[in-house]
Structures are given as C-alpha cells and as structure tokens.
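For reference, the structure discussed in these notes is given below.
The values are calculated or read from the model by the stated rules, or taken from the named source; none is laboratory data. Note that the structure is predicted; figures quoted are calculated from it, not measured. All Cβ positions, even for glycine, are placed from backbone atoms using ideal geometry, and neighbour counts span all protein chains on display.
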Amino acid sequence: MIGQLQKKLIQPVEAAPLAVFRIFFGVMMFLSILRFWANGWIEKLYLEPNFHFTYYGFEWVKPLGNFTYVLFIVCAITAVMVAAGIKYRLAITLFFLSFTYIELMDKTTYLNHYYFISVLAFVMLFLPAERYFSWDAYKNEKLRAKFIPAWSILVLKLLLGIVYFYAGLAKLNSDWLVKAMPLKIWLPSKFDVPFIGDFMGLEWVHYAFSYTGALYDLAIPFLLFYKPTRKFAFIMVVIFHVLTRVLFPIGMFPYIMIVSALVFFDASFHQKIIEWIAKRLKVSMALFQNTSAYQPKGIKAKFATGVLVIFMAFQLIFPWRYLLYPGELFWTEEGYRFSWRVMLMEKSGYAQFKVVDTKTGKQFYVDNSDFLTTFQEKQMSFQPDFILEYAHYLKQHFTAQGHKNIAIYVESYVALNGRLSQPYINPKVDLTQEKESFKPKNWILPFKDEITGI
Amino acid sequence: MKRKVWYVGVLLASLFILACSSDAMDDGTQQDDGPVNVSFDRSAMLRNWADNIIIPAYTNFNTNFNAVVAANAAFKADVSVNNLVTLRNAWLNSYQDWQSISMFEIGPAEDNDLRLNINTYPTDVQAISEAIANGTYGFDLPSNRDTKGFPAMDYLLNGIAATDAEIIAVYQDTNSGQAHLDFLEAVVLDIQSRVSTVATAWTSGYRDTFVANDGASATASTDRLVNDVIFYYEKFLRAGKVGIPIGKFTGTAAPNTLEAYYSPKNSKVLLLASLDAFQDFFNGTHFQGSAKGESLASYLVALNSVKNGEELENLINAQLENARDSFESLGVFKEEIESSSASIADAYDQLQLVVPMLKVDMVSAMSIAVDFVDADGD
C-alpha cells in the first residue's frame, strides 16, 4: 500500500505543468508588487505609520525606512527571475524571504492570500521548477529534464485543494448558512454593479450566494482533480473569482487563483502554453525535448521530502487549532488567522483607551488618530491581540512622556455579522498587566449569542 | 475547436462585467424598479440631504448673516451699548445657524476648509491684538484661523473688556478704536464671503455632482458624507464642545477651550443647536421643518426588513435624546467645569454612547467603510 503510494508519488511525469505554474506565479507576483507600489501602499502602509502591529514571535520584523523600497525591489526582481527560471533556487529563496518579511512587518495588512503566497513560495523552494523551459535549463544541460517526480505537481494541487476545502468548511456555520451572513449585509450595498446590481438586495440571492459559495469551495478541488469534470470546474473557477472581484475589493487574488487552478490540467495543455510562449520569445523547444527524468536522490532529497511532508501535515492540522480555545472563534479570533477563513465576517469595532495614573487616580482618554492610521485603527478595534499590543505601546509612549504608575483600560464595542454591538474587552482589566501568548485571553468578554457549526 | 468557443465566451462575458464594474463607469443612472428586497434608494436620500437640509441651511445662514453685517455697520457708524447688544444678538443667531452647516464638510466646504476658517477655537487673543495694532490680518493664512470667525467675534463682542460700557470704550478709543472697528468688520466680512462662496458652489453645480454620485464605493456621496458627519460628531461635537473642555483627553479641565468661552452661557445653546442639527440630519428632517425625507434612519429601517435586526434607528434617537436631556439640565458649562461637576462628565458619557452606535453598528449595517481605507480585503 505504502509502497504503491510511494511509487505513484515518484513516478516521472511531464514537467510542463510545473514550468507553466512557475512562469505564471512569477509574473503574477511581479504585477502584484508593481500594483502595490503604484497604489502608494508602500508609503501608506509601511512608511507613514509611526507604529506597526507585529506578529507574535516576529516582533523584530519592522519596516526598514527607505530600505523598505529595496525589499520591494528585491521581491519584484526575484519574481521575474522565478518566472524566467534565472538562478531559480536563489531567486525563489530571496522571493520567499522578502515577500514573507514584507507580510510580517505589520499584521494590519494580513490577508489570507498573502499568506497563501508565502506558503506557495515556501513549497516552491523544494520543487524542481527550473528543470524545464527555464533560463537555467537552457544554459545548463545537466539541469534539463522533461520529466519530474509526480509529487512535485501533486503538492501544489494539494495546497490549492486545502485552501478551497478549508475555506468551504469554515462556511459551515449557522451565520453563513442559516442567516446568510455576512453576505446579507454586503450584497445589498452592491446595488450599483452593472447587470446584477438590482438583484443584490433580494434575500433569496443572499442565500443562493451563501450556499453556492460554500458548495463551490468544498467541491472545487475534487471537480478540478477529476478529469471528466475538470473543464466545467475551471469555468466555475473563472466565474466565481471574477464575481468576487466584481463584488469585493480583493485585488490580485482572483487572478492568482484562476491562474493557479490551471495546474490541474494535463501536461499536453501546458505544453501548448509553453510552445506558444516559446514562439513569441523565438526560443527553440528542441533543446528541452530530451527524455531525461529528474529524480532527486540522496540526503538532499530526503531532507526536501521530509520538510514537505511535515509542512503539508502542518497545513492540514494548523487551521484546527481554534478547537483548543474556549469561546466563539469569530468573537475572540483565537486561531482565526492562517486558516483560510475568507470573507466570513462583517466585524467592526470601536475602542477607546483610558490611561490612568494608579496613584493619583488622574485619567485621560487617548485619541487613536495620534498614533494609528485609520486602517490600523479599524483593524485594531476588533482584534484582541491588536488591542493588547497597542495598549502596551501606549504605556511605553506615556511612560516616556513622564507619566508614572500607568494602567491602561479599554472601553470597546464590537458588532459581528449584523448583531448589535456589545462590549468586547473587559473594561476593568488593566491591559498593561496582560501578556501576549497562545493562552486563551480571559479578558475578552463572552459573546452574547451562539454560532454553531465547524 | 467548437468547444473552445464557449470558454472564450464565458471568459469574455466575465471580463466585460469586470470592466463595467469599475468606479469610473458609475454614471448614476441606477434604476430601482427591479425586484429588490432591500430597496433603499440612496439617490433619494442624497436629494433629500442636498435639497431639503444642506442647501436650505446655507441659504438661511446667508440671509441671517446679513443681519450681522448690518448690525456691524450700524455699530461701526455709532458705537453704542444698544448697537453692541443688537450686533451680539445677531452674532449669536448666526452662530446657532452655523451649527446646521458645520457638519457638512464635503465638496466645496472641504476644499475651502470652511469649518476651520469659521469656527476655530480657542481664539488667539494675543494674535488678535497684534493684528489690530499692525493693521494686517492675513486671514488667508492657515496659521491665522484662530484669529477670526465666530470665536474671534465672541472675544471682540464679549471678552475684550469686562462690562458693556468698557467694551464700548475700547471701540471709542481715539487712538485704537478705529483699528478695532476695522478688524471687527474684516472678521464679519470674512465669514460672510467664505460661507457664501461655499453656498454658491452648492447651488451652481456641486448639488448635481453630489446627487449623481449615488453609488456604493468609498468615494460615493453617501459613504463620504456619512464619514464626514460621524467625524464631525466625534471630533467637533463630542470632543470639541465638551470632551476637551472637561479634560477628557488630557486629564486636566480646560474651560478656556469652550466654544463661546467669552459669553459662557452660550456654550450650551450652541451645543444643543448642533445636537438638534445632527439629529435632524440623521432623521432626514427638513431644515426648519417637520417633514421628513429619506435619511440614515429610514435607510436603517429598510435594512432591518431583511436583517430581522433590532431597531437601531430607535436606539440612536433614544440615546441622542438622553444626551440632549442631560445637557439641558446643566447650568453654564464654564461654571460646571470650574466646579468640577460630575453632571457634565455624565452628560459627556451620554454623548459618547452614540459614537459606537454610529461608528460600529450603523456603518457596518450599511456596509460603509469607516473612512476611506484604500487597501485590499480578502
């Protein structure tokens, strides 16, 4: 059984799908970086704020002043190098490091799809993506291989499958299925979308979108994997992502997903894409049409396989960590991130911080706009780890200003999926006494409603 | 080959929808006769705001401000206690009228920084004396915004000396009286010209732009004005009129930062006027009328129909009334603050309770982003 599986995993398959994936990935990343830069987001998100929300364990990752631009330049250049397969191993390593560093600089900007890109880049560190139709293989005959082990493409399919399937599982809750929330809030405000805008206020449309959305996410990996349904599935992918792009501000993500889903297609399809590109670039394909099959061997191969197996297991297990926390996941967000929970909540909050001198009893409130950008304030006001980190920052700031015996309290309200807002953080808890950790945050007030489901 | 045609068709159709959905295509010809359940007509709300609330408030202001200009001219021609009192009354009337305009810092008002130009307080007494002595005012400079507008008039009419007789004496002084009169006149005319510039912009073009921009993007009129009005409530009504003077953000009371500090009994009058104006806007009540049109409140009612939610519009109105009641029962703010009364702090808390209802509940029910946050979501 295991022997058979192993045989299947290492059997040689055509390298074209991985080469195409590498090219599209690199191009998409390059465009994403350009778009990010052109929108002025480097300044706005990383250079202008005085304070940045860090990830637990990665507090040392901060914007680098004007060197932040260098980071983005490295990221953009290595994306092109990945696409072209120039010094692939070095390029993908630098891409992974620079991109991940950028994402770790401020968790205000956390998006599942940025995490997805870091995950993909990490996996690509271990894939033989430069063996076929790349600059490296063009230059170095020893690298060239028309065939690669099957696992190197399967792992990408598995990753995509996890993203979709877990996103689908996350939708199996009473808010999504019984109340059609948050789509019931979001869709009516899209009344000005051409053609479909008039239907966005209809209740049955909210339910139809909720159920098809959940069903789509759960089924699409299998429909893509199974050959007879593959073409239909891909059309669904295109329609689904274009629709989400039209309705919601999600940037490059839909395009990245559409392009990534191509990896499920047969090698002959990718061969055509490569031949098309080769023609435009006036590159002779003859060079790559050898019959050599690359099969990693030795300690290096064992190491790579080991890392990938552990990493994929981690991907499968990590999203379930929320089960270890008491309380409602949507409310406390303990274990919410890095779990493919996409577009599940309409959540917003309001947090007012009170600085108290514990000796004199003198107290005053903080104007958040003195310290945070509107975006940071918005994200901070409904996420407990943000609130805690900000409270510690405030303590540090006011201590430096000469205030003594500082205690910091927060009066906060959060509204979740159309419920009226309710107090969020215990206003009697001095946040300077609390520490960030993986332990449950008992200073979050309990959620006054119930959401059932996965 | 045939089969390919239909993929291409789907792809093209999708791209077409995509292309059409960009903000640039938002031409405001939205029709609402579809089978819509949440059938709220944002453009009707925008029309109600523009035609029945905002433009009438500007027109009313301009008309009444003519009385200030006239009273000022009379005072200048004949400096007397009677004329001073007339001018003062006209000033207070207009200052109340101003409270119905101040929150609409959008379009031409935003371009002209109207609020900062008309009502920056505390006023800078030192700088005013220097300007009077030098005869140069520099009212176009941002740094001189605290030397003009209603707060400067408050000082010039109420605070420049202790009694009416002594105030008159300042303007009758043979050496500096004329300089004071000239400065006062310049302040009056500055208010008049700035407000009428914005009012004219509304009636000659901006009204149509405002109403036509009836989409649901972050730059649509509804989203922007809702943000502006909430910002006003939080920063200028809540913090400016009460929070800062009672020391909510510093820990130290600062009665000198009260609006109308030099005529202390007016602080309360102005706060109540602004609270009324805010609530009328929320309910879509026509300016100085009782008829109502589409509004944030009726929008919430429409949204409730599909959400089965609690009646947020009632909660907001009830809380605004709580706040009004608390302030009405207060004495002169300045005295309340100086005696560190707990009741003004309680009244502030009532005002404060409205903020999360607006910023969290209302805005999220309407799917309006708090302030223009230009970044991707997922």
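For the range B:209-260, the candidate set comprises residues that are touching a residue at least 24 places away in the same chain (Cβ under 8 Å), under 22 Å from B:S326 (Cα atoms) and of a type in the set (K, R); within that set, the residue that is farthest from the other protein chains (Cβ to nearest Cβ) is B:K241. Among the conditions (1) closer than 30 Å to B:M357 by Cα; (2) at pLDDT 95 or above, B:T219 misses just one, which is (2).
Among all residues of the range A:42-57, there is at least one that is without any contact (Cβ under 8 Å) to a residue 24 or more places away in the chain and within 14 Å of chain B (Cβ to nearest Cβ).
Residue selection: B:N82 fails the criterion of being modelled with pLDDT of 95 or more, farther than 20 Å from B:V229 by Cα, assigned to a helix (DSSP H, G or I) and under 22 Å from the mean Cα position of the chain (by Cα).
Out of B:S217, B:S204, B:S221, B:S196, report the one residue that is exposed (fewer than 14 other Cβ atoms within 10 Å of the Cβ) and closer than 29 Å to B:M103 by Cβ. Before you say what the answer is, go through the steps one by one.
Working: B:S217 fails: exposed (fewer than 14 other Cβ atoms within 10 Å of the Cβ); B:S221 fails: exposed (fewer than 14 other Cβ atoms within 10 Å of the Cβ); B:S196 fails: exposed (fewer than 14 other Cβ atoms within 10 Å of the Cβ).
The conditions single out B:S204.
For (1) surrounded by 19 or more Cβ atoms within 10 Å (Cβ to Cβ); (2) at pLDDT 95 or above, each residue gets a yes or a no:
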| residue | (1), (2) |
| --- | --- |
| A:L34 | no, yes |
| A:H52 | yes, yes |
| A:G65 | no, no |
| A:I77 | no, yes |
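So, in the range B:261-284, how many residues would count as being in contact with a strand residue (DSSP E or B) (Cβ under 7 Å, 6 or more places away or on another chain) and either touching a residue at least 40 places away in the same chain (Cβ under 8 Å) or acidic (D, E) (or both)? Break it down stepwise before answering.
Within the range B:261-284, the subset in contact with a strand residue (DSSP E or B) (Cβ under 7 Å, 6 or more places away or on another chain) is B:283-284.
Within this subset, residues satisfying the condition of being either touching a residue at least 40 places away in the same chain (Cβ under 8 Å) or acidic (D, E) (or both) are B:284.
Selection size over the range B:261-284: 1.
If you go through the range A:379-415 and pick out every residue that is buried (at least 21 other Cβ atoms within 10 Å of the Cβ), within 13 Å of chain B (Cβ to nearest Cβ) and within 19 Å of A:K448 (Cβ to Cβ), you end up with 7.
Return a yes/no flag: does the range B:142-151 have any residue that is farther than 16 Å from B:V69 by Cβ, of a type in the set (K, R) and crowded, with 19+ Cβ neighbours inside 10 Å.
Restricting attention to the range B:142-151, the residues satisfying the condition of being farther than 16 Å from B:V69 by Cβ are B:142-147, B:151.
Those still in the list that are of a type in the set (K, R) too: B:145.
Next, only the ones that are crowded, with 19+ Cβ neighbours inside 10 Å stay: B:145.
Yes - at least one qualifying residue is present in the range B:142-151.
Name every residue in the range A:432-450 that is of a type outside the set (D, E), surrounded by fewer than 16 Cβ atoms within 10 Å (Cβ to Cβ) and part of a loop (DSSP other than H, G, I, E, B), in order of residue number.
Within the range A:432-450, A:K435, A:S437, A:F438, A:K439, A:P440, A:N442, A:P446, A:K448 meet the criteria.
Whether a residue is crowded, with 21+ Cβ neighbours inside 10 Å and either away from every other protein chain (no Cβ under 14 Å) or modelled with pLDDT under 95 (or both) was assessed, and A:Y132 passes this test. Of the set (1) part of a helix (DSSP H, G or I); (2) over 25 Å from the mean Cα position of the chain (by Cα); (3) closer than 22 Å to A:M343 by Cα; (4) of a type outside the set (D, E), all apply to A:P221 but (2). Selection of first residues in the range A:145-159 that are in the same structural domain as A:V259 (by TED's automatic domain parsing) and basic (K, R) and of second residues that are surrounded by fewer than 22 Cβ atoms within 10 Å (Cβ to Cβ) and in a loop (DSSP other than H, G, I, E, B), restricted to Cβ pairs under 7 Å at least 6 apart or on distinct chains, gives the following pairs, ordered by first then second residue: A:K146/A:Q289; A:K146/A:N290; A:K146/A:T291; A:K146/A:S292.
Can you name the residue in the range A:326-355 that is more than 9 Å from chain B (Cβ to nearest Cβ) and in a strand (DSSP E or B) and is also surrounded by the most Cβ atoms within 10 Å (Cβ to Cβ) among such residues? Out of the qualifying residues, it is A:A351.
Residues in the range A:356-372 that are more than 10 Å from chain B (Cβ to nearest Cβ) and within 28 Å of the chain's Cα centre (by Cα): A:N368, A:F371, A:L372.
Put simply, of B:A152, B:A179, B:A133 the only residue that is among the small types (G, A, S) and closer than 26 Å to B:V269 by Cβ is B:A152. Residues in the range A:180-199 that are surrounded by 21 or more Cβ atoms within 10 Å (Cβ to Cβ) and modelled with pLDDT of 90 or more: A:A180, A:M181, A:P182, A:L183, A:K184, A:I185, A:L187. A single entry from B:L320, B:L358 fulfils the requirement of being buried (at least 21 other Cβ atoms within 10 Å of the Cβ), away from every other protein chain (no Cβ under 12 Å) and either in a helix (DSSP H, G or I) or at pLDDT 95 or above (or both): B:L320. Counting the residues of the range A:154-179 that are assigned to a loop (DSSP other than H, G, I, E, B) and crowded, with 22+ Cβ neighbours inside 10 Å gives 1.
Looking only at the range A:279-290, which residues are touching a helix residue (DSSP H, G or I) at 6+ places or on another chain (Cβ under 8 Å), in a helix (DSSP H, G or I) and more than 14 Å from A:G85 (Cα to Cα)? Give the steps one after another, and end with the answer.
If we filter the range A:279-290 for residues that are touching a helix residue (DSSP H, G or I) at 6+ places or on another chain (Cβ under 8 Å), which is where we start, we get A:283-285, A:287-288.
Restricting the remaining residues to those that are in a helix (DSSP H, G or I) gives A:285, A:287-288.
Once the filter is applied, which keeps residues that are touching a helix residue (DSSP H, G or I) at 6+ places or on another chain (Cβ under 8 Å), in a helix (DSSP H, G or I) and more than 14 Å from A:G85 (Cα to Cα), the range A:279-290 yields A:M285, A:L287.
The one condition from (1) over 29 Å from the mean Cα position of the chain (by Cα); (2) within 14 Å of chain B (Cβ to nearest Cβ) that A:K428 does not meet is (2).
Among the residues of the range A:203-213, is there at least one that is in a loop (DSSP other than H, G, I, E, B), over 21 Å from the mean Cα position of the chain (by Cα) and at negative phi?
Narrowing the range A:203-213 to residues in a loop (DSSP other than H, G, I, E, B): none.
No, there is no match, as no residue in the range A:203-213 is in a loop (DSSP other than H, G, I, E, B), over 21 Å from the mean Cα position of the chain (by Cα) and at negative phi.
Regarding the range A:291-302, can at least one residue be identified that is more than 15 Å from A:W151 (Cα to Cα) and in contact (Cβ under 8 Å) with a residue 24 or more places away in the chain? For the range A:291-302, residues more than 15 Å from A:W151 (Cα to Cα) and in contact (Cβ under 8 Å) with a residue 24 or more places away in the chain: present.
Kindly evaluate A:F288 against the criterion of being modelled with pLDDT of 95 or more and assigned by TED's automatic domain parsing to the domain that holds A:F122.
Values: modelled with pLDDT of 95 or more: no; assigned by TED's automatic domain parsing to the domain that holds A:F122: yes.
Spelling it out, it is not the case that A:F288 is modelled with pLDDT of 95 or more and assigned by TED's automatic domain parsing to the domain that holds A:F122.
Of the residues making up the range A:181-240, those that are more than 14 Å from every other protein chain (Cβ to nearest Cβ) and touching a helix residue (DSSP H, G or I) at 6+ places or on another chain (Cβ under 6 Å) are A:A214, A:Y216, A:L218, A:I220, A:P221, A:L223, A:L224, A:T229. The residues of the range A:417-431 that are modelled with pLDDT of 95 or more and buried (at least 21 other Cβ atoms within 10 Å of the Cβ), listed by number, are A:Y424, A:I425, A:L431. Step by step: first the residues of the range B:289-315, then only those that are touching a helix residue (DSSP H, G or I) at 6+ places or on another chain (Cβ under 7 Å) and at pLDDT 95 or above, then the one that is farthest from the other protein chains (Cβ to nearest Cβ). Which residue is that? Looking at the filtered set, the residue picked out is B:K292.
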